[in-house]
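Reviewing the structure listed below.
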């Protein structure tokens with residue numbers, strides 16, 4: 001059956017041969033850089049980059065919406081900063097790699113015959129989600145850190161599911177190309193590396209330049225999380241030293257609609273839920289308790305991070321005071337009236353960690369309203385969106 | 001003629017696994033339709049491939065033709081290097097410059113991005129220009 005389909009296909013392409021004009025013509029693309037060798041090297045680099053992005057992305061998703069079997073640890077304190085920093089930096093570095101790869105294999109879009117057999121048809125069909133998904137993921141991720149949303153969907157959900165579609169398409173692609181890639185990379189000197197046109201680029205020159213482009217865009221942006229590079233990163237969407245009290249803000253008090261409730265003198269922090277003695281504490285009450293000072297990063301999902309010196313009441317002390325059971329899990333709720341990130345979960349490891357604070361001060365001053373005045377959660381190894389600001393209540397589960 | 005078709009058992013296994021993973025993604029997308037807006041999502045997803053293949057790629061090939069036809073041989077490699085590096089910088093800077101930014105939050109997008117891009121481009125073109133000058137000098141000394 002399959003063979004008969006293949007034969008019919010071949011006959012069809014023979015009959016359609018007069019259609020081979022323009023880019024469909026044999027030899028339409030002359031550059032030697034469109035070679036298997038270039039494609040193999042770029043493919044390897046992209047395969048590694050996309051794997052890093054996928055793994056760190058799924059991890060970040062699981063931390064924020066944990067499945068039952070998954071408990072994200074509170075240590076090491078800077079792990080999320082590193083994994084999410086890698087997610088964004090790798091995605092940015094992959095932009096020139098992807099464009100170079102698409103350029104290299106562009107002639108194959110017009111390869112003849114377009115479809116040789118069933119396997120070839122399925123492989124080429126899988127290229128649509130691969131190319132569409134790859135471009136979509138890098139473009140939407142870059143737009144997200146530039147806070148530009150020209151579409152209707154909610155970015156995190158669309159980016160997440162697009163990643164599964166793309167990684168599936170990438171698996172098909174690896175299945176189709178693994179053996180050719182391996183054989184090309186294994187050859188020492190596969191074909192002479194001479195430029196197509198006199199004075200033009202060699203293959204090595206092209207690959208070096210593309211690597212240089214990846215390095216260039218990395219240096220131009222990575223200072224948003226690697227502080228010593230901040231003055232070089234002229235295209236970084238954040239500067240870890242710019243913002244109230246010396247570091248950036250993601251959600252402003254105004255956009256969260258807490259300007260009045262957070263500055264109201266009658267503000268109280270409630271500790272309730274599965275506790276023996278529900279608490280209602282004023283700012284003065286909290287200030288009168290034993291304070292702890294810790295140095296912890298605030299690490300945003302969008303790939304920037306900044307370290308600050310935080311001071312406040314250990315969450316653990318409040319839980320003990322309220323008579324919460326051991327290994328308690330806590331929901332921290334904000335004054336923010338609505339929005340997906342108005343509350344966050346503290347699993348038993350985060351709730352029990354001695355460095356998880358109800359912070360009242362940062363860098364030696366009372367919290368700025370933009371940083372969550374009068375009190376916020378700050379804990380080790382948590383995404384920034386889970387460091388709930390403008391605390392209203394802590395509900396023990 | 002050399003066949004472009006994939007073959008072997010490994011391909012079929014990866015095809016099955018890959019399509020299963022893709023279907024998982026599509027299922028999640030559909031189940032969360034109120035957030036993912038599958039119609040609008042598809043437009044952007046397929047549009048991404050189309051915009052690249054029908055717009056960006058032809059434009060790049062057009063530039064390449066100009067470079068090969070018009071630019072003298074000895075400049076060519078340096079110009080190609082500068083163009084590739086510049087294109088990468090322009091793409092990354094594009095949403096910071098063309099997007100609306102976030103004026104209500106002064107710590108978001110705090111820099112002057114057009115100036116930042118010009119700085120990067122200046123460094124790229126000065127760097128490749130320097131490499132070209134060094135090469136010219138080296139050639140001259142070799143002839144002397």
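Among the residues of region A:227-253, those identified as without any contact (Cβ under 8 Å) to a residue 24 or more places away in the chain and either under 27 Å from residue A:339 (Cβ atoms) or crowded, with 19+ Cβ neighbours inside 10 Å (or both) are A:230, A:233, A:234, A:235, A:239, A:242.
Could you grab me the full set of residues in region A:164-177 that are at the interface with chain B (Cβ under 7 Å from one of its Cβ atoms) and within 26 Å of residue A:38 (Cβ to Cβ)?
Of all residues in region A:164-177, those at the interface with chain B (Cβ under 7 Å from one of its Cβ atoms) come to A:164-165, A:167-169, A:171-172, A:174-176.
Within region A:164-177, A:167, A:168, A:169, A:171, A:172, A:174, A:175, A:176 meet the criteria.
Residues in region A:234-271 that are at negative phi and touching a strand residue (DSSP E or B) at 6+ places or on another chain (Cβ under 6 Å): A:240, A:247, A:268, A:269, A:270, A:271.
Among helices (runs of 4 or more DSSP H) entirely within region A:153-268, having at least 3 residues that are not assigned by TED's automatic domain parsing to the domain that holds residue A:36 singles out A:253-256, A:259-263. Considering region A:146-163, and only residues there that are touching a residue at least 24 places away in the same chain (Cβ under 8 Å) and under 26 Å from residue A:43 (Cβ atoms), the residue that is farthest from the other protein chains (Cβ to nearest Cβ) turns out to be A:159. Scanning region A:269-304 for residues that are part of a loop (DSSP other than H, G, I, E, B) and buried (at least 16 other Cβ atoms within 10 Å of the Cβ) yields A:275, A:289, A:291, A:300, A:301, A:302, A:303, A:304.
Yes or no, residue by residue, for (1) surrounded by fewer than 16 Cβ atoms within 10 Å (Cβ to Cβ); (2) modelled with pLDDT of 95 or more:
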{"site": "A:10", "(1), (2)": "yes, no"}
{"site": "A:16", "(1), (2)": "yes, no"}
{"site": "A:20", "(1), (2)": "yes, no"}
{"site": "A:48", "(1), (2)": "yes, yes"}
{"site": "A:64", "(1), (2)": "no, yes"}
{"site": "A:73", "(1), (2)": "yes, yes"}
{"site": "A:84", "(1), (2)": "no, yes"}
{"site": "A:87", "(1), (2)": "no, yes"}
{"site": "A:100", "(1), (2)": "no, yes"}
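The residues in region A:310-333 that are touching a residue at least 60 places away in the same chain (Cβ under 8 Å) and in contact with a helix residue (DSSP H, G or I) (Cβ under 8 Å, 6 or more places away or on another chain) can be counted, and the count is 6.
Restricting attention to region A:18-50, which residues are without any contact (Cβ under 8 Å) to a residue 24 or more places away in the chain and under 24 Å from residue A:173 (Cβ atoms)? Across region A:18-50, the qualifying residue is only A:48. Only one of the numbered conditions (1) touching a residue at least 24 places away in the same chain (Cβ under 8 Å); (2) facing chain B (nearest Cβ under 10 Å) is violated by residue A:258, and that is (2). Of (1) under 19 Å from the mean Cα position of the chain (by Cα); (2) farther than 12 Å from residue A:234 by Cβ, residue B:114 satisfies all except one. Which? Here residue B:114 clears every test but (2).
Within the set A:181, A:166, the sole residue that is within 31 Å of the chain's Cα centre (by Cα), surrounded by fewer than 22 Cβ atoms within 10 Å (Cβ to Cβ) and touching a residue at least 40 places away in the same chain (Cβ under 8 Å) turns out to be A:181.
With A:338, A:320 as the choices, which residue is surrounded by fewer than 17 Cβ atoms within 10 Å (Cβ to Cβ) and part of a helix (DSSP H, G or I)? Please lay out each step first, then the result.
Values: A:338 fails: part of a helix (DSSP H, G or I).
After applying the criteria, what remains is A:320.
The values are calculated or read from the model by the stated rules, or taken from the named source; none is laboratory data. Because the structure is a prediction, the values reported are computed rather than measured. Neighbour counts run over all protein chains shown; Cβ positions are idealised from the backbone, glycine included.
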